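Undergrad: Below you will find the structure I want to go over with you.
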Amino acid sequence: MSADTSAAAVTKDSGVDPDKSTSLAKAGAWARRAPLLPALIFMIVVTQLPFVATIVISFMNWNAYYPKDRSFAGLDNFKTVLTDVNAREAIIVTVLLTVGVVLISLVLGLAIALLLDRKFKGRSVARTLMITPFLIVPVAAALLWKHALYNAQYGLFNGVLKFVFGDSAPQPDWISDHPLIAVMFSLVWQWTPFMMLILLAGLQSRPMDVVEAARIDGASGWQIFTNMTLPHLRQYIELSGLLGAIYIVQNFDAVFTITSGGLGTANLPYYIYQTFYSAHDYGTASAAGVIVVIGTIIIATFALRTVLSLFREESR
Amino acid sequence: MTTRTWTSVGKTVAVVALLTFTLFPVYFMLSTALNGQNGSGTDSLVPSDFTLDNFSRAFTEDHFGRYMLNSAIVTVATVVVSGALAMLGAVAIARFRFRFRSTMLVLILIVQMLPAEALVIPLFLQMKDWRMLNSLLGLILVYIAFSLPFAIWNLQGFVAAVPRELEEAAYLDGCGWWRMFRSVLLPLVVPGLVATSAFSFVMAWEEFTFALTFLSKDDRLTVGVGLQRFFGAHVNDWGGLMAASTMVTIPVVVVFVLAQRRLGAGLVSGAVK
């Protein structure tokens, strides 16, 4: 039945005389699809097929060092990933890193958005400048933090400590003392502007007349914030948090650059890289990849739901 | 003092603290890159000896100039090809009704959400089979596929916003489809093309995971991995390192500034409305 309706729709749409043969209509239908096909075929070949391949490989014993031992492994690789000490640690690090970066940059982003929502001289300049960290190429940012800021001998942080407190100032080795926090902080610096942008958009869509009314009724700034601003911003907070989380779960360059995955900072993407690139264990690495995808899908589902509820709010 | 002055003082302090937090690392990068004397951390807080030497040295040392060129080739190819493919796809989705149209739209969205880690292994093996590891073409193919989903979704909104009556008027005036596309549709969706190109540009310029796994020959590296190698080889040349980081960042800033107005509007309105 669907074939009939679509053929009818096609003939009606293209203005072709409906009495003409259906083969013409079919040709018309393909002509409509044709412009999309190159892009679609390209995406299927380069992304969908490899993804299917990843799923297949994740169920196989496949190590490039033992090419003859290729066989079906069932769920063994997944068992390995979920029980192996390194892999489990990588999962924990991924969760810590994602939650930490998202929460801190959300709180900072909210504070900054509230500040930039107020009127002051040079506000638009400040807004534009705030985006700067987002424009620095991530690898360059990670290198900048590692070498120019954290470095124990010549880094800026220790230099400032020495400048302020004199020669007896403490000179901590930031990266080896607090490796995960060091990675986290450089990511927070990069992601805060992103959170700020979305939250600022949310703040500006706030109905100001209601806020004015509340103020006239004697509500304090704090009351307005907790009872009106925060509930209004809830969806924007969720959206920016979830979008950020999708990217930070997959973060590889910061971990690779700042600590090379050492000192207990290897997250899942780094674990995959290591298992696949150095250990050549394609099966286990693929299983870990599938787990990352499942995690991403879970977060993405929530993100989509938030976007949809925002749509509904708009159309109400 | 009145409470009012206190609030304004507080606000000023907060804004200054904020700008220090966001801008200081960038300022430090620039001042070190432009400073002739940069032995250690605090030397460049206030640059004392303005020079461009660091830039010319970084650009000519090792293969850094080559990395920039490689990245430029990969990025431009990605932007042009994915822009053309996405434009055609967007017209099909926005203008024509056909079976599986919504299936295809969902498929495109799913592609957008796949992380690099889930694809890198089979793609690496495939490229190895085709002997395309260390070839920029292999990297370009992957980047095009990754920039297509956003490009199609974004562009089809712009195409759908062009009133059909304009197209029909062009047909009535005797234009064929191609002529109508070139003279009516294309000029009207230029803002959309600018925004999508900027996104593809930034994605291809900054990508790291695939570049790291596909490329190993030194003269084939792109800027992300190249910059890392450069840092490894010149740990003590502070000025050179910061100049190199600055050069890698400049194209992104230029593209952003050029596209800013459209990008800002598109980013915010597309995300929440």
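The values are calculated or read from the model by the stated rules, or taken from the named source; none is laboratory data. Nothing here was measured: the structure is a model prediction, and the numbers come from that model. As a convention, Cβ positions derive from the backbone with ideal geometry for all residues, glycine included, and neighbour counts pool all protein chains shown. Note: accessible area is taken over every heavy atom of the protein model, side chains too, but ligands, DNA and RNA are not part of it. Shrake-Rupley method; radii C 1.70, N 1.55, O 1.52, S 1.80 Å.
Undergrad: When only alpha-carbon atoms count, how far does region B:73-268 stretch along each of its three principal axes, as whole angstroms with the largest first?
TA: Principal extents (largest minus smallest coordinate, Cα): 68, 38, 29 Å.
Undergrad: Please compute the per residue accessible area over region B:73-268 with all protein chains in place, 1.4 Å probe, rounded to a whole number of Å². Mind dumping the intermediate values first?
TA: Values: 8020 Å² over 196 residues.
Result: 41 Å² per residue.
Undergrad: List the residues of region B:89-107 for which accessible area in the full set of protein chains is at least 40 Å² lower than for the chain on its own; 1.4 Å probe, protein heavy atoms only.
TA: Hits at the 40 Å² cut-off: B:F96, B:R97, B:F98, B:R99, B:M104, B:L107.
Undergrad: Output wanted: per-residue J couplings in Hz (rounded whole) for region A:112-124, from phi through Karplus 6.51 cos²θ - 1.76 cosθ + 1.60, θ = phi - 60°, x for Gly and Pro.
TA: 5, 4, 4, 5, 6, 7, 7, 8, 7, 5, x, 5, 5
Undergrad: So, one more: For chain A, with only Lys/Arg (+1) and Asp/Glu (-1) charged at the beta-carbon, what is the dipole magnitude about the Cα centre, in debye rounded to 20?
TA: With only Lys, Arg, Asp and Glu charged at Cβ, the dipole is about 580 debye.
Undergrad: Moving to a separate point now. Using only Cα atoms and rounding to the nearest 10 degrees, what angle (0 to 90) does helix B:3-33 make with the longest principal axis of chain B?
TA: The angle comes out at about 90 degrees.
Undergrad: Continuing with this model, one more query. Can you compute the helix-only [θ] at 222 nm over the protein assembly as shown? Use -39500 (n - 2.57) per DSSP H run of at least 4 residues, normalise by all residues, nearest 500 deg cm²/dmol. Let's see the in-between values first.
TA: On the way: 30 runs with 422 residues, N = 589.
Value at 222 nm, helices only, nearest 500: -23000 deg cm²/dmol.
Undergrad: Let me ask another. Compare each residue of region A:141-176 in its chain alone against the assembly with all protein chains, and report those whose accessible area goes down by 30 Å² or more; 1.4 Å probe, heavy atoms.
TA: A:L143, A:L144, A:H147, A:A148, A:Y154, A:L156
Undergrad: Moving on. Kindly write out, for region B:223-228 in residue order, the coupling ³J(HN,Hα) from the Karplus curve 6.51 cos²θ - 1.76 cosθ + 1.60 (θ = phi - 60°), rounded to whole Hz, with x marking Gly and Pro.
TA: Each residue of region B:223-228 in turn: 4, x, 5, x, 4, 4 Hz.
Undergrad: Give the peptides A:200-206, B:118-124 in descending order of average Cβ contacts within 10 Å, highest first.
TA: Details: A:200-206: 17.4, B:118-124: 24.0.
Highest mean packing first, the order is B:118-124, A:200-206.
Undergrad: Which of the peptides B:25-34, B:101-110 is most tightly packed, and how do the rest follow, judged by the mean count of other Cβ atoms within 10 Å per residue?
TA: B:25-34, B:101-110
Undergrad: A further question on this structure: Would you tell me the accessible area of B:F55, worked out with a 1.4 angstrom probe on the heavy atoms of the protein chains, in Å² to the nearest 10?
TA: 40
Undergrad: Further question: What is the dipole size for region A:132-269, taken about its Cα centre, with +1 at each Lys and Arg Cβ and -1 at each Asp and Glu Cβ, in debye to the nearest 20? Could you put the intermediate results ahead of the total?
TA: Details: 5 positive and 8 negative charges, 17 e Å.
Using only the charged Cβ atoms, the result is roughly 80 debye.
Undergrad: If you add up the charges near B:V225, with Lys and Arg at +1 and Asp and Glu at -1, over every other residue whose beta carbon is less than 15 angstrom from its beta carbon, what do you get?
TA: Summing Lys/Arg as +1 and Asp/Glu as -1 gives -2.
Undergrad: Just name one of A:P133, A:F194, A:S176: the one whose Cα is farthest towards the positive end of the charge dipole of the protein assembly as shown (beta-carbon charges, Lys/Arg +1, Asp/Glu -1).
TA: Comparing the listed Cα positions along the dipole, A:F194 ranks first.
Undergrad: Once the Cβ-Cβ distance between B:R182 and A:A214 is put in as r, and R0 is 41 Å, what FRET efficiency do you end up with, to the nearest 0.05? Kindly include the intermediate steps, with their values, before the conclusion.
TA: Values: r = 55 Å, r/R0 = 1.34.
Given R0 = 41 Å and the Cβ-Cβ separation, E is 0.15.
Undergrad: If you don't mind, there's one more thing I want to ask. For region B:73-268, give the percent of accessible area contributed by carbon and sulfur heavy atoms, probe 1.4 Å, rounded to a whole number. Intermediate results must be reported in sequence, preceding the final value.
TA: Working: 5340 of 8020 Å².
Result for region B:73-268: 67 percent of the exposed heavy-atom area is carbon or sulfur.
Undergrad: Also: So what J values fall out for region A:200-205 if you push phi through Karplus, 6.51 cos²θ - 1.76 cosθ + 1.60 with θ = phi - 60°, rounded to Hz, Gly and Pro as x?
TA: Whole-Hz 3J(HN,Hα) from phi for region A:200-205: 5, 4, x, 4, 6, 8.
Undergrad: If you don't mind, there's one more thing I want to ask. Hey, if you put +1 on the Cβ of every Lys and Arg and -1 on every Asp and Glu Cβ in the protein assembly as shown, which of B:I93, A:F51, A:S260 ends up farthest toward the positive end of that dipole?
TA: It is B:I93, whose Cα lies furthest towards the positive end.
Undergrad: While we're looking at this one, here's another question. Contact order normalised by length for chain B, with contacts defined as Cα pairs under 8 Å and 6 or more residues apart; what percent is it? Walk me through the intermediate numbers first.
TA: Values: 266 pairs, mean separation 81.9, N = 273.
Contact order relative to length: 30 percent.
Undergrad: Here is a follow-up. For chain B, with a Gaussian network of springs between Cα atoms less than 10 Å apart, report the residue from B:A145, B:A211, B:A198 with the top mean-square fluctuation.
TA: B:A145
Undergrad: What relative contact order, as a whole-number percentage, does chain A give when Cα pairs under 8 Å and 6 or more residues apart are counted?
TA: Across chain A, relative contact order equals 26 percent.
Undergrad: From the cross-link list A:K79/B:K128; A:K162/B:K217; A:K119/A:K162, which pairs have alpha carbons spaced over 31 Å apart?
TA: A:K162/B:K217; A:K119/A:K162
Undergrad: With angles folded into 0 to 90 degrees, how steeply does helix B:136-161 sit against the dominant principal axis of chain B? Use alpha carbons for both and round to 10.
TA: Tilt relative to chain B: about 60 degrees.
Undergrad: Rg and Dmax of the protein assembly as shown, using alpha carbons, in Å: what are they?
TA: Final numbers for Rg and Dmax: 26.4, 94 Å.
Undergrad: Taking amide H positions as placed in the peptide plane 1.01 Å from N, state which residues far from A:N151 in sequence (5 or more) or on other chains have amide H under 5 Å from it.
TA: Hits under the 5 Å cutoff: A:L156.
Undergrad: Using a 10 Å cut-off on Cβ to Cβ distances, tally the other chain neighbours for every residue of B:20-29 and report the average as a whole number.
TA: Average per residue, whole number: 6.
Undergrad: Next question, about the same structure. Taking the Cα centre of region B:73-268 as origin and charging only Cβ (+1 Lys, Arg; -1 Asp, Glu), how large is the dipole, in debye to the nearest 20?
TA: 420
Undergrad: Considering amide H positions built from the backbone, and no H for Pro or chain starts, which residues 5 or more places from A:M60, or on another chain, come under 5 Å of its amide H?
TA: A:A73
Undergrad: Next up: Lys and Arg at +1, Asp and Glu at -1: add these up for the other residues within a Cβ distance under 14 Å of B:A58 and post the number.
TA: -1
Undergrad: Of A:P67, B:P25, B:M180, whose Cα points farthest to the positive end of the dipole of the protein assembly as shown (charges on the beta-carbon: +1 Lys, Arg; -1 Asp, Glu; origin at the Cα centre)?
TA: B:M180
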